[in-house]
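Trainee: Sharing a structure here in structure tokens format.
The values are calculated or read from the model by the stated rules, or taken from the named source; none is laboratory data. This structure is a prediction, so every number in the text was calculated from the model and none was measured. All Cβ positions, even for glycine, are placed from backbone atoms using ideal geometry, and neighbour counts span all protein chains on display.
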Amino acid sequence: MKKAYLYIILIGVFLLFISYMAYQYNAINKIAATFKSNSIEMNVNTPVLGQVSFSSSAPIENFDTFPHFTLKLFDKNNWDIDKKLLANIPKNTPVLITVETWSRSFMSYNSKPLRDVVDGAYDDIFKKMCTDFIGDRTNVYLRFNPEMEVPVKLYPWQLAGWYIDAFQHFSKLCKQYAPKAKIVWAPAGYPGAMEYFPGDSYVDAASVTLKNDSESFLNVYPKNYAISYDLMRRIHRLRFQDKPIIVLGSKQNANDSVDHQMLNNLSKHIDAHRDIIYSNENFKRFNFETESRAQSPIEIGVYDPQSLLNDENAVTVEHLFVDFSNLNNGSFQKSFKEVERRGHDVIVSFEPFRNVDESTDLNVLQHITNGNYDNEIRQFYNILLNSSSKIYLRYAHEMEIPISRYPWQSQNPVDYIKSFRYFMTFQKPLPSQIKRVWGPAGDRGSIEWWPGNDVVDYISIAIYGLPDKNITDPNKQESFATIYNRKKWRMRFINKPLFITEFGVKGPEDFQTKWLEDAAKVIRKDNQIIGVNYFNMSDTPKAWGDIKPPDWSITKKTFHRFIELLEKK
């Protein structure tokens, strides 16, 4: 009997596991797609609620009548959609059509869902959609493969690669065969949306979706925002594009949750911050591959509290961290003078926490802006102003990471921007040897916190080999090039030189040496990089819970090999 019960339990666990996997990976829909034909239906679950814009001349609108259809394309060879559907809608009524490319092959769902679009497999279907279905109709909005930036696998175009190329291909075809239609880029408004922006010339409008289905699978970012704040954050994330933004609802929120008053309040918020946060400066585009940049020798720096590498000839800059505690007890001043005596430049990362009474101010960003810490900031600047060293001043770094290691992380980006600007303009004029550094980690959604071109001289990012803190095998660390290319792409709307103020790799010495050799080759060839600073110690134990913190310390031999390749002609 005991064995029988055991078998029943095992079978139950197995069935639960299969059910979970089927749900998690949308397996039923994937298999069913093999037998489906193209279809179009009214999308009542994702209604059009309104439209906003970063342009002062564009109206903020509430929509009572804006039909939304979803066109699912499974069959690349046969167009079997009845064109009478649109004919029954008055021509002056705007219509949104979400176009979704689904493969009929179960295997290609995972292998190349967007590559088929790029390769032209859908060209005939797209052409018939434009000519036979849309024709010369105006007020048609074609929305292509939505929620692409959410890192789940609900749709075949998520986590698939080729999105931008596929969107551009789709847009060019539609503009050729249905020139009156408007092409809609359709992120959810999730952190990192602008990484998938396909380009100004390919986009006529954008959209965001409140409480969308894709995000229901994730717990990385909060889901319980009030609708008004959630809407503001989603719109804010798209501030580096200047197209009108259509606001869509979902079955998770009431259709009347976004009313005219909420849109009007959002419009006032944008107007109030138009000179800085929502400035037209955001819409400028740059090409770092072709722009020439005067290249001085790369700054070689270390964060080295144990002074194992500080005295090496190649070192030109040292990194110090300062908070309210070590500012007030004098230990920061002591460390700063020691760096000066060695004749090095200084990276100073100001961390606004650790008060004298050991409390943590959870609203420190607002309190900085309100002047509550003026005495501490004035004391800090007095130290810097009495120095002739070149100082790279970094404030409240890694603000975008969705954790609470620091009280300024995961906060309202508008509050962060105001605080950053207050801190960096506290001393006027700022001596030329003090360079202002904006220091995100370079993680998903970094540019939400971009404080403005006028208060930043350099941007910085952090590059550590660990993609996940639970990884203990050093061979599973990502290469420097992989991490750097991903983070640099996230900064593509910002025209500033780059200082890698923190980077490191853990593992056996031969592994660290090889990783740094590859890093040196990447750094040497990139004219945007003006400095690198190695983090030569282990991380703070408390930040890793029960897991042993990574130790990025390297030997002098490994450091010399890195410098040798970095300075190679």
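Trainee: Would you check if ALA188 is out of contact with any Cys (no Cβ under 6 Å at 6 or more places or on another chain), in a loop (DSSP other than H, G, I, E, B) and free of Cβ contacts under 8 Å to residues at least 60 places away in the same chain?
Mentor: Criteria met by ALA188.
Trainee: Right, here's the next one. Looking only at the range 482-502, which residues are more than 22 Å from ARG239 (Cα to Cα) and among the charged types (D, E, K, R)?
Mentor: GLU502
Trainee: Among the helices (runs of 4 or more DSSP H) confined wholly to the range 19-118, which include 2 or more residues that are modelled with pLDDT of 80 or more and within 29 Å of TRP162 (Cα to Cα)?
Mentor: In the range 19-118, 115-118 are the helices (runs of 4 or more DSSP H) which contain 2 or more residues that are modelled with pLDDT of 80 or more and within 29 Å of TRP162 (Cα to Cα).
Trainee: Right, next: Tell me which residues, restricted to the range 142-155, are in contact with a Pro (Cβ under 9 Å, 6 or more places away or on another chain) and either over 19 Å from ILE125 (Cβ atoms) or surrounded by fewer than 18 Cβ atoms within 10 Å (Cβ to Cβ) (or both).
Mentor: Across the range 142-155, the qualifying residues are GLU147, MET148, GLU149, VAL150.
Trainee: Is at least one residue of the range 500-514 buried (at least 18 other Cβ atoms within 10 Å of the Cβ) and farther than 25 Å from PHE562 by Cβ?
Mentor: No, that holds for no residue.
Trainee: Right, something else. What are the pairs with Cβ atoms under 6 angstrom where one residue, in the range 202-216, is in contact (Cβ under 8 Å) with a residue 12 or more places away in the chain and the other, located anywhere, is among the acidic types (Asp, Glu)? Sequence gap at least six, or different chains.
Mentor: Short answer, once both residue conditions are applied: ASN212/GLU147; SER214/GLU147.
Trainee: Hey, another quick one. Is it the case that GLY531 is closer than 17 Å to ASN475 by Cα and either touching a Pro at 6+ places or on another chain (Cβ under 6 Å) or touching a residue at least 40 places away in the same chain (Cβ under 8 Å) (or both)?
Mentor: no
Trainee: Tell me, please, whether a residue that is of a type in the set (Val, Ile, Thr), at pLDDT 95 or above and farther than 30 Å from ASN282 by Cβ can be found in the range 510-517.
Mentor: yes
Trainee: Sticking with this structure for a sec: Residues in the range 451-467 that are under 27 Å from VAL505 (Cα atoms) and modelled with pLDDT of 95 or more: how many?
Mentor: So the count comes out to 6.
Trainee: So which residues in the range 519-541 are in a helix (DSSP H, G or I), within 25 Å of the chain's Cα centre (by Cα) and charged (D, E, K, R)?
Mentor: Matches in the range 519-541: LYS525 only.
Trainee: Scan the range 297-317 for residues that are within 28 Å of ASP361 (Cβ to Cβ) and buried (at least 21 other Cβ atoms within 10 Å of the Cβ) and report the count.
Mentor: 1
Trainee: Quick one: TYR392 ticks every box in (1) of a type in the set (Ser, Thr, Tyr); (2) crowded, with 17+ Cβ neighbours inside 10 Å; (3) without any contact (Cβ under 8 Å) to a residue 60 or more places away in the chain except a single one, so which number is it?
Mentor: (3)
Trainee: Something else now. Answer yes or no: is there a residue in the range 410-422 that is assigned to a loop (DSSP other than H, G, I, E, B), in contact (Cβ under 8 Å) with a residue 24 or more places away in the chain and of a type in the set (Asp, Glu).
Mentor: no
Trainee: How many residues are surrounded by 21 or more Cβ atoms within 10 Å (Cβ to Cβ) and assigned to a loop (DSSP other than H, G, I, E, B) when one looks only at the range 156-185?
Mentor: Of the residues in that region, 4 qualify.
Trainee: Further question on the same structure: I need a count of the residues in the range 423-467 that are among the hydroxyl-bearing types (Ser, Thr, Tyr) and assigned to a loop (DSSP other than H, G, I, E, B).
Mentor: Residues meeting the conditions: 2.
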